[in-house]
Every structure is written in structure tokens, then in C-alpha cells.
Amino acid sequence: YQPGDVYFKNSNDDDSALTEILYHVIEFSPFLAAVGVKSEASVPDIFRLIISDPDVVMRKLGNSEVKYRALLRRIAANPPFKSVTAEIRNSPFLLGYKVHDQNDQSGKNSASSLPPKATYILTKAEDICIIDNSFFGRVFPVLQ
């Protein structure tokens, strides 16, 4: 491990729990502190990890869309970049949602209609369309 990939254990807050989930954590050592091991991961550290391997981050979060979305919100609240780079543009780290109509798949014309089901996928920004009109969302089945 490199000093930037290891963090000290700290059981005081939620940030340390996130650090323990995403990174290798160890007990405090003055020597390791002197060579660059930090107490918790910063937003730029987490963002670099998400950009480099978003599937691993999702897996470490237990494939929880809610936790991953909270992590993206944390990054969006304090963006660690000044402009969008090619690395950010080409990394599939964003959550896209594909909405499936469950009524078409069942093949039944029952009186009770099932609500649409949304499944998430990690994808690049260029593959996501923002649908702010529900009619167009039904007409064009794209990632949202």
C-alpha cells in the first residue's frame, strides 16, 4: 500500500466509517503519520477513487444505490475539480436509471397495474438523458 491509500482508524464520526469501508485502515503510528498516512479520506481522495474504479466503490458500499447516491451528493456539495477533464468525462461513475414498465413484461391485462420499476446502472454522462417531461420519458426509453 502507498501512504495515500491507507488511513488511520477513527471511530468518532460517519466520515471515518466511510473511510473504513472504502480504504485500508490501520491503527495510529507516529512514523506512518510522518510519511503521509492521513486520518480520513478527503472529498478529492474519494472522488479520485470513484473516477478510477466506480464498480469497486459500488461493491464496497454493498451495491447500495442509496449509499452511492449519498456519496455523489457529498462530492457535488464540494466539487474537488475546477473543470471537467477527459478522465471525468469518460469514467462511468454516475448513476443512470432505466425505467421498466412491469405491465408489458407480465403479459397480463389485469385490472391492477404495476408501477414502473427503476433499475440503476453506473454510466458515463454522455449516456444519460435528463427527462423532465413524463410523456417524453415514456416515449423515449433512455437512461435518466
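The values are calculated or read from the model by the stated rules, or taken from the named source; none is laboratory data. Just so you know, these numbers come straight off a predicted model, no measurement behind them. With ideal geometry, Cβ positions are generated from the backbone for all residues, glycine too; neighbour counts draw on all protein chains shown. Please note that ligands, DNA and RNA were not included when accessible areas were found on the heavy atoms of the full protein model with its side chains. Shrake-Rupley method; radii C 1.70, N 1.55, O 1.52, S 1.80 Å.
Quick notes on this structure:
- If you go through segment 75-84 and keep only what is open to solvent by 30 Å² or more (accessible area, probe 1.4 Å) and under 10 Å from the mean Cα position of the chain (by Cα), you end up with nothing.
- Screening Val37 with (1) modelled with pLDDT of 90 or more; (2) among the β-branched types (Val, Ile, Thr); (3) touching a strand residue (DSSP E or B) at 6+ places or on another chain (Cβ under 7 Å) gives one miss only, at (1).
- Residues in segment 80-95 that are over 15 Å from Ile128 (Cβ atoms) and in contact (Cβ under 8 Å) with a residue 24 or more places away in the chain: 3 in all.
- Test: Ile75 is out of contact with any strand residue (DSSP E or B) (no Cβ under 6 Å at 6 or more places or on another chain), closer than 18 Å to Asp127 by Cβ and either modelled with pLDDT of 90 or more or of a type in the set (Asp, Glu) (or both): no
- Filter result (under 15 Å from Ile21 (Cβ atoms), at pLDDT 90 or above and open to solvent by less than 80 Å² (accessible area, probe 1.4 Å)) within segment 40-64: Asp45, Ile46, Leu49, Ile50, Asp53, Pro54, Val56, Val57, Met58, Leu61, Gly62, Ser64
- Among (1) within 21 Å of Ser91 (Cβ to Cβ); (2) open to solvent by less than 40 Å² (accessible area, probe 1.4 Å), the one test that Ser29 misses: (1)
- Residues being in contact with a strand residue (DSSP E or B) (Cβ under 8 Å, 6 or more places away or on another chain), open to solvent by 60 Å² or more (accessible area, probe 1.4 Å) and modelled with pLDDT under 75 - total across segment 117-144: 2
- Among residues of segment 46-64, those that are part of a helix (DSSP H, G or I) and either hydroxyl-bearing (Ser, Thr, Tyr) or in contact with a Ser or Thr (Cβ under 9 Å, 6 or more places away or on another chain) (or both), counted: 6
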